[in-house]
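Chemist: My structure is below; once you've seen it, I'll send some questions.
The values are calculated or read from the model by the stated rules, or taken from the named source; none is laboratory data. All of these numbers come straight from a predicted model, not from anything done at the bench. Heads up: the accessible areas ignore ligands, DNA and RNA and are worked out on the full protein's heavy atoms, side chains in. Shrake-Rupley method; radii C 1.70, N 1.55, O 1.52, S 1.80 Å.
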Amino acid sequence: MRGPLRMAARRWRSGAGSPDRAAPRIYTRTGDSGFSSTFTGERRPKGDPIFEALGATDELSSAIGLAGEFSSEKGHTFVDQLHKVQCMLQDVGSNLATPLSSAREAHRKRTSFSEKPVLELEQWIDSYSEQLPPLRAFILPSGGRSSAALHFSRAVCRRAERWLSDYLFVLARYAAMKEGKEEKIYIKPEP
């Protein structure tokens with residue numbers, strides 16, 4: 001758990017706070033004054049690039065969750081992959097929240113991960129790409145709710161990570177194809 005969350009959990013476990021409260025609070029009352037804590041406990045301004053990256057990663061996970069719900073309603077078999085991607089993003093977030101400047105070896109060990117997820121994404125991209133018709137024009141985000149939500153996730157992803165964006169693009173096309181939905185093609189307006 002990160003700094004403020006760790007403190008809130010300790011207060012809850014120790015019985016601190018209101019006796020009629022059964023659940024821990026999500027706020028810490030530490031008076032952050034525009035600062036937040038990293039996993040290592042280091043205080044940084046909330047506008048720090050670390051927190052920008054964490055916000056982009058969290059937003060992406062939420063968008064993928066929405067796409068997963070739409071895709072699940074249609075019975076797509078890739079929903080488990082989307083859940084796995086969300087778990088990968090949690091690992092990425094933990095790593096981002098652990099600046100090397102203040103991380104001890106235990107922090108680095110706990111938040112490290114291998115290149116295996118990237119290799120797995122590449123395999124998924126290749127697998128779905130092989131099943132799709134060739135791309136001959138720009139595609140507008142469309143192709144049904146699953147596909148449109150995956151395109152939205154892809155657009156959010158561009159702020160966080162480019163490789164994952166490729167996976168979401170291919171998956172959006174795949175969802176449209178499997179659902180028999182038409183992808184809207186970009187048509188340049190006449191001058």
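Chemist: Calculate the radius of gyration of the Cα atoms of the stretch 56-191 to one decimal place, then report Dmax, the largest Cα-Cα distance, as a whole number, both in Å.
Modeler: That works out to 16.7, 61 Å for Rg and Dmax.
Chemist: A further question on this structure: Leaving ligands, DNA and RNA out of it, work out the accessible area of Val156 with a 1.4 Å probe and give it in Å² to the nearest 10.
Modeler: Roll a 1.4 Å probe over it and Val156 shows about 10 Å².
Chemist: Let me ask something additional. What's the extension gain from Ser33 to Arg136 if we count 0.36 nm per residue and subtract their Cα-Cα distance?
Modeler: Extra length available between Ser33 and Arg136 comes to 31.9 nm.
Chemist: When the chain is fully extended, how far beyond the present Cα-Cα distance does Ser114 get from Glu182, taking 0.36 nm per residue of separation?
Modeler: Computed gain between Ser114 and Glu182 is 20.7 nm.
Chemist: Over the stretch 94-191, with every protein chain in place, what whole percent of the accessible area is carbon and sulfur at 1.4 Å, could you tell me?
Modeler: 55
Chemist: In square angstrom, what is the accessible area per residue of the stretch 36-191 with a 1.4 angstrom probe?
Modeler: 59
Chemist: Can you pull the accessible area of Tyr174 for me, 1.4 Å probe, Å² to the nearest 10?
Modeler: Ignoring ligands and nucleic acids, Tyr174 comes out at about 20 Å².
Chemist: Can you bin the stretch 37-89 into rounded, prolate or oblate? Criterion: square roots of the alpha carbon gyration tensor eigenvalues sorted a ≥ b ≥ c, rounded for a/c under 1.5, prolate for a/b above b/c, oblate for the rest.
Modeler: Since a/c reaches 1.5 and a/b is larger than b/c, the shape of the stretch 37-89 is classed as prolate.
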